[in-house]
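So the structure is just underneath, and the comments pick up after that.
What follows draws every value from the coordinates through simple rules; no lab data is involved. None of these values were measured; they are calculated from a predicted model. Backbone-built Cβ (ideal geometry, glycine too); neighbour counts: all protein chains shown.
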Amino acid sequence: MTTTTSAPVPPIVTPPSSSVPPGPTSRQRVRRRRPVSWISNLVLILISLMILVPVLWVVMASVKTKGEFYGNPWALPEGLHWQNFADAFVDANMGPYLLNSLLVTVVGLCFVLIIAVPAAYALARFEFRGKSILETLLLAGLFINVNYIVIPIFLMLLGWDKALRTFMPSGFFIDNLFVLGLVYAATSLPFTIYLLLAYFRTIPVSYEEAATLDGASRFRTMRTVMLPMAMPAISTAILFNFLSYWNDYIISLSLIPGENKTLQVGLLNLFQAQRAAADYGRLYAGMVIVIIPVVILYIIIQKRLLQNVGAGGLKE
Amino acid sequence: MARRPVSLNTRGKNRFVLLCVAPAIILYVLFMVVPTFDVFRMSLYNWTGVGGTPTFAGFDNFVALAGDMQFVRAFQNTVFLLVVVSIVTMAGGLVLAGVMTQGKVRASNLYRFVLYLPSVLSIVVVAAIFSAVYDQQNGLINGSLNFLGLDSLSQVWLGDQKIIMYSIAFAMVWQSLGYYLVLYMSGMSNIPAEIYEASALDGAGPFRQFFDITLPLVWETLRTSLIFFIISSINLAFVLVRALTGGGPDGSSEVLLDYMYKQAYTNSSYGYGMAIGTAIFLFSFLAALIISRATKREVLQF
């Protein structure tokens with residue numbers, strides 16, 4: 001705990017051998033007096049219910065018929081009214097939006113890995129001119145808040161489209177899901193490079209030296225020796241970036257004004273439309289569609305995710 | 001371990017390094033550095049509409065901001081949310097983390113799983129959940145109250161100017177509590193158990209231990225998270241307000257970022273919008289600086 005920086009520190013992934021702090025087990029802990037433990041359990045149960053009940057209530061309501069939304073809000077649905085989901089998928093376009101979100105997320109993840117892994121590797125392993133400036137510049141990027149710079153990015157892309165008008169009258173940069181993926185990748189570079197850089201530095205250099213002696217090229221060494229060894233950090237990077245791309249609303253709103261919207265923008269539109277029409281079923285079904293992939297992922301990788309949120313604190 | 005990788009730094013190195021870092025530098029400069037400078041540059045221009053040409057206006061936009069009551073309102077609301085939500089979230093997160101790491105809590109992994117759940121949901125989903133909770137007739141709260149015959153207690157959660165900001169603050173706490181809980185828990189799990197054992201032998205109770213051991217030792221984590229919190233809650237408040245209330249009724253729940261986007265996209269006043277952006281940036285930077293200074297303590301080691 002010797003950190004003096006006031007910067008938001010990116011999660012630092014340490015090698016598996018030391019990734020779990022040698023925390024005291026429950027048996028080592030000092031025993032507490034009973035009343036405290038009783039009260040704290042009660043408080044935790046209440047807070048957990050406050051988190052879970054609204055989510056489960058929405059999931060339950062997503063299979064209710066229109067008439068069932070009036071009256072007792074706690075009544076269980078009489079049957080499974082799947083029509084809400086059909087309405088959401090087809091009429092409210094959530095189906096195509098789901099595919100768009102998947103595409104953008106995958107494209108963004110591919111871009112960010114292809115670009116950030118070599119950059120982090122070079123920064124971790126080689127001495128070159130301007131290296132410290134580059135590192136500082138990237139660290140400063142952790143402070144840049146994407147929400148402020150979306151408008152200039154939008155105007156810049158709009159300007160590029162205008163310049164291209166003679167060749168491409170319909171434009172290229174705005175309303176392009178691949179460009180959106182690229183912008184996601186670019187705005188998450190500082191975070192991703194720092195995460196990977198810290199991990200690369202913990203891997204002993206002797207592995208690469210051996211590979212180099214065997215005559216492997218630098219590129220090959222990076223790909224076949226370092227890449228597999230860095231998998232824990234890479235999968236953490238994938239995880240956090242997946243959540244931020246999938247859940248992004250504001251960049252997507254600005255850069256995709258046309259038809260090819262992503263799920264989050266689609267959901268917000270759905271729910272502004274609902275306010276006028278009071279069509280709850282479709283909205284709740286739409287929400288469930290947005291939540292389910294994330295919750296499934298969360299259940300699968302919760303251990304790693306929660307561990308790394310911890311590492312995002314102040315371990316040096 | 002600090003030995004330089006000699007054999008890697010050989011002939012042909014520069015070309016390899018350039019190939020590795022060039023794409024990252026280009027993308028970073030193009031999509032992060034340039035737009036950041038653009039925010040400041042554009043705030044000095046009058047620019048209405050995408051078709052129009054920007055004209056230099058000096059600090060006119062900022063002078064206009066100072067007299068813009070909507071902006072002042074949005075500013076007050078943002079500060080209100082920052083103060084209220086950060087106090088409740090951080091105090092709650094700290095106490096719960098202390099209870100879960102030190103107290104005897106069964107199934108603490110399950111609680112952690114549930115409490116962190118809102119952090120993986122998008123802000124749009126959180127907003128949609130709370131629009132269902134706060135819905136005037138059939139929402140979770142008012143629907144339940146009506147069903148129980150307690151109609152008199154039901155409120156227009158998102159329409160009453162007196163309570164609207166509290167409704168939004170509650171949704172923000174709901175969303176962010178788990179993240180800070182997990183963060184503090186990991187800070188606390190690094191504290192050696194011997195310290196607690198020794199102090200227990202000296203007769204210190206759980207409250208005493210929390211204030212004398214836990215709190216000082218996680219102080220740095222706390223400081224960093226507070227500064228982090230300012231940035232993230234400005235964003236969180238924006239999407240929540242945009243989705244839940246649209247800033248209404250009558251601008252009473254407007255927050256800074258939402259106002260910026262309205263000026264830029266709806267009103268097509270890009271220069272003015274960017275002046276708001278600059279103001280938010282300066283505000284959050286100053287707030288972070290002040291908090292960082294005010295909370296500075298000698299770092300304790302264990």
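Grab the beta carbon distance between A:Leu102 and A:Ala277, set R0 = 22 Å, and tell me the FRET efficiency rounded to 0.05.
For A:Leu102 and A:Ala277, the calculated efficiency is 0.20.
Other chains near A:267-277: what is the mean number of their Cβ atoms within 10 Å of each residue's Cβ? Display every interim value, and only then the final one.
Numbers: counts 6, 9, 0, 2, 8, 4, 0, 4, 3, 0, 0.
Whole-number average of other-chain Cβ neighbours for A:267-277 is 3.
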Dipole of the protein assembly as shown, positive direction: furthest Cα of B:Gly247, B:Leu65, B:Ser86, with charges on the beta-carbon: B:Ser86
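Given contacts defined as C-alpha pairs under 8 Å and at least six residues apart, what's the relative contact order of chain B, whole-number percent? It would help to have the intermediate numbers written out before the result.
Numbers: 305 pairs, mean separation 85.8, N = 302.
Averaging sequence separation for qualifying contacts and normalising by length gives 28 percent for chain B.
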Please label the shape of chain A as rounded, prolate or oblate, based on the square roots a ≥ b ≥ c of the eigenvalues of the alpha-carbon gyration tensor (a/c under 1.5 means rounded; beyond that, a/b larger than b/c means prolate, else oblate). oblate
Gain upon complete extension [B:Gln136, B:Thr48; 0.36 nm per residue less C-alpha separation]: 27.9 nm
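Rank-order A:78-89, A:204-215, B:132-143 by packing density, defined as the average count of other C-beta atoms within 10 Å over each peptide's residues, highest first. Could the numbers behind the result be given before it?
On the way: A:78-89: 16.4, A:204-215: 13.9, B:132-143: 19.8.
Taking the mean over residues of other Cβ atoms within 10 Å, the ranking is B:132-143, A:78-89, A:204-215.
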Cut-off 18 Å (backbone N to label point 7 Å along Cα→Cβ of B:Asp250), residues of segment B:141-156: B:156
Sorted by packing (mean other beta-carbon atoms within 10 Å per residue), highest first, where do B:201-208, B:233-240 land? B:233-240, B:201-208
Ellipsoid semi-axes in whole angstrom, largest first, where each is sqrt(5λ) of the Cα gyration tensor of segment B:240-300: 31, 16, 7
Let me understand the protein assembly as shown better: what is its radius of gyration from the alpha carbons, and its Dmax, in angstrom? 25.5, 82
What list do you get for B:Glu220, A:Glu135 if you sort them by fewest beta carbons within 10 Å? A:Glu135, B:Glu220
Given labels modelled 7 Å from the Cα in the Cβ direction, how far is it in nm from A:Ser170 to B:Leu148? 5.6
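By average Cβ neighbour count within 10 Å, what is the ranking of A:220-232, A:287-299, B:146-158, A:93-105 from highest down?
Working: A:220-232: 16.2, A:287-299: 18.1, B:146-158: 13.8, A:93-105: 20.0.
Going by the mean number of other Cβ atoms within 10 Å, highest first, we get A:93-105, A:287-299, A:220-232, B:146-158.
Which value, in debye to the nearest 20, describes the size of the charge dipole of the protein assembly as shown about its Cα centre when Lys and Arg Cβ atoms bear +1, Asp and Glu Cβ atoms bear -1, and nothing else is charged? Write down the numbers at each step before the final one.
Numbers: 41 positive and 30 negative charges, 380 e Å.
Dipole size: approximately 1820 debye.
How many partner chain Cβ atoms sit within 10 Å of a residue's Cβ in peptide B:259-266, on average, as a whole number? Intermediate results must be reported in sequence, preceding the final value.
Values: counts 0, 3, 6, 0, 1, 6, 5, 0.
Per-residue shielding by partner chains comes out at 3.
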For chain A, with a Gaussian network of springs between Cα atoms less than 10 Å apart, report the residue from A:Ile256, A:Ile153, A:Ile174 with the top mean-square fluctuation. A:Ile153
Arrange the following residues from fewest to most other Cβ atoms within 10 Å of their Cβ: B:Arg293, B:Arg73. B:Arg293, B:Arg73
What FRET efficiency do you get for B:Ala22 and B:Phe56 if R0 is 45 Å and r is their Cβ-Cβ distance, rounded to the nearest 0.05? 0.85
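With only Lys, Arg, Asp and Glu charged, each at its Cβ (+1 for the first two, -1 for the last two), find how big the charge dipole of chain A is about the Cα centre; round to the nearest 20 debye. Walk me through the intermediate numbers first.
Values: 23 positive and 15 negative charges, 243 e Å.
Dipole about the Cα centre, nearest 20: 1160 debye.
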Pop a pseudo-label 7 angstrom from the Cα along the beta-carbon direction at both B:Val79 and A:Leu297 and give the gap in nm to one decimal. 3.8
Mind checking which of A:Phe126, A:Phe191, A:Phe154 has the largest fluctuation in a GNM of chain A, springs on alpha carbons under 10 Å? A:Phe126
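On average, how much area does the Cα convex hull of chain B cover when viewed from any direction, in nm²?
On the way: hull surface 98.0 nm².
Its Cα hull, projected and averaged over all orientations, spans 24.5 nm².
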Nothing charged except the Cβ atoms of Lys and Arg (+1) and of Asp and Glu (-1): what's the magnitude of the dipole of segment B:116-266 about its Cα centre? Round to the nearest 20 debye. 320
Before rounding to the nearest 500, sum -39500 (n - 2.57) across all DSSP H runs of length at least 4 in chain B and divide by the residue total; then give [θ] at 222 nm in deg cm²/dmol. -21000 deg cm²/dmol
Within the set A:Lys66/B:Lys262; A:Lys131/B:Lys13; A:Lys131/B:Lys296, which residue pairs have Cα atoms separated by over 24 Å? A:Lys66/B:Lys262; A:Lys131/B:Lys296
For B:Tyr116, A:Tyr284, which order do you get if you count the other beta carbons within 10 Å of each Cβ and list the fewest first? B:Tyr116, A:Tyr284
In segment B:222-265, what trypsin sites (Lys or Arg not before Pro) fall in a loop by DSSP, with at most 10 other Cβ atoms inside 10 Å? none
Which one of A:Ala230, A:Asn247, A:Met287 is farthest out on the positive end of the charge dipole of segment A:206-316, using unit charges on Cβ (Lys, Arg +1; Asp, Glu -1) and the Cα centre as origin? A:Met287
Charge dipole (segment B:156-221, unit charges on Cβ, about Cα centre) - positive-most of B:Tyr179, B:Leu217, B:Ser189: B:Tyr179
Rounded to two decimals, the Rg over Rh value of segment B:166-264 from Cα coordinates and the Kirkwood Rh reads 1.20
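Per residue of B:183-190, what is the mean number of Cβ atoms on other protein chains within 10 angstrom of that residue's Cβ? It would help to have the intermediate numbers written out before the result.
On the way: counts 6, 2, 5, 12, 5, 3, 7, 8.
Average neighbour count from other chains, rounded to a whole number: 6.
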Helix hunt in chain A: which complete DSSP H runs extend at least 30 Å axially by C-alpha with mean Kyte-Doolittle at least 0.0? A:34-61, A:94-125, A:280-311
